[in-house]
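The values are calculated or read from the model by the stated rules, or taken from the named source; none is laboratory data. Keep in mind that this is a model prediction, so the values were computed, not measured. Here the Cβ positions follow ideal geometry from the backbone for every residue, glycine too, while neighbour counts run over all protein chains shown. Accessible surface is based on the protein model in full, side chains and every heavy atom, while ligands, DNA and RNA are left aside. Shrake-Rupley method; radii C 1.70, N 1.55, O 1.52, S 1.80 Å.
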Amino acid sequence: LTAIDHCIRLYPNDASVLCYAAERLQAINGEKQRISDLLQRAFELNPVNQYNGLTYIDYILEQGEIERADKALALLQRHQSDIYTHYRAFQIYIAREEFSAALDIFRSILQDQNNSAWFIQNAWDQLNKARQDTAAATIIRELREADLLHGNHAGRCLAEYDLQTIGVKKFEQALTEKTLTNEFDKRYMEGYIQKLIATESQLPWKMLETY
């Protein structure tokens, strides 16, 4: 803690140093208000720095300060708007229970060529928790059919939904109709295997031979 205080005293107007100090305080469960103040100061000093801005927004979102996070995000997006800022907007909409807007962003994330399994899975998990999984699954199917889907990890999310809604037996029947020659269907199969492992069920080895 003494070293952190020393850094802050030496570089009180260095945004990167203040952000780093706040992260170190988080790591040792430091005072929340002080962490928040440091991150806010770092963001105000350099609102163009996306790392500092996202670190600040993520922290205050964790503290439930939704309106404050929304204002900070609006300022950050004046300088840069991409999947990282879109995902934070998604989180804000979820927190406000503005699910239509959150689903719109989920659709845009699925079409973003810069997305990743992390973005897709985390967005899916939040929509599932908010009981918006049916609408989210519909979006995945629509984009898949229109060949607009970027991010094959969505196949695992869809498998999770189908297993919950149609059951394992019907799911297995539908699975036999898939060729498993494309990455989306392979991720769909992975979702099924993960479910079996989680429930300690016997794996269908004959089916897996073609996987």
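Think of each Lys and Arg Cβ as +1 and each Asp and Glu Cβ as -1; about the Cα centre, that makes the dipole of the chain roughly 140 debye.
Computed from point charges on the beta carbon alone (+1 for Lys and Arg, -1 for Asp and Glu), the dipole magnitude for the range 6-118 about its Cα centre is near 260 Debye. Mind running the shape call on the chain? Use the C-alpha gyration tensor, a ≥ b ≥ c as the square roots of the eigenvalues: rounded below 1.5 for a/c, prolate if a/b tops b/c, oblate otherwise. Prolate shape, in that a/c is at least 1.5 and a/b is the bigger ratio.
Rounded to the nearest 10 degrees, what's the angle between the helix 15-27 long axis and the longest principal axis of the chain, both from Cα atoms, 0 to 90? Computed tilt is about 60 degrees. Heavy atoms of the protein chains alone define the surface here; on that basis the range 70-124 has 49 Å² accessible area per residue at 1.4 Å probe size.
Note on the chain: GNM, Cα springs under 10 Å; of 27, 102, 69, the largest mean-square fluctuation is that of 27. Residues of the chain were split at every exposed loop site, defined as GluC sites (Glu not before Pro) in a DSSP loop with at most 16 other C-beta atoms within 10 angstrom, and the longest piece left, sites excluded, is 99-176.
So, with +1 on the Cβ of K and R and -1 on the Cβ of D and E, and no other charges, what is the size of the charge dipole of the range 82-134 about its Cα centre, to the nearest 20 debye?
Working: 5 positive and 7 negative charges, 21 e Å.
Computed about the Cα centre, the dipole is about 100 debye.
Here residue 51 sits with roughly 130 square angstrom of accessible surface, probe radius 1.4 Å. Label-to-label distance, residue 169 versus residue 186, with points set 7 angstrom from Cα along the beta-carbon direction: 3.2 nm. Sequentially through the range 75-87, phi angles give Karplus couplings (6.51, -1.76, 1.60; θ = phi - 60°) of 5, 4, 6, 5, 9, 7, 10, 8, 4, 5, 6, 4, 5 Hz, Gly and Pro residues having no value and appearing as x. Summary: within the chain, the longest segment free of trypsin sites (Lys or Arg not before Pro) located in DSSP loops with at most 15 other C-beta atoms within 10 Å is 1-77. Take the range 132-198 with all the other protein chains still there, run a 1.4 Å probe, and you get 52 Å² of accessible area per residue. Over the chain, DSSP H runs of length four or greater, each weighted -39,500 (n - 2.57), average out per residue to a 222 nm ellipticity of -23500 deg cm²/dmol.
Element breakdown for the chain at a 1.4 angstrom probe: carbon and sulfur atoms account for 47% of the accessible area. Hey, quick one: spin label on residue 79, modelled 7 Å out along Cα-Cβ, who in the range 26-70 has an amide N within reach, i.e. under 17 Å? Zone members listed by number: 38-59, 69-70.
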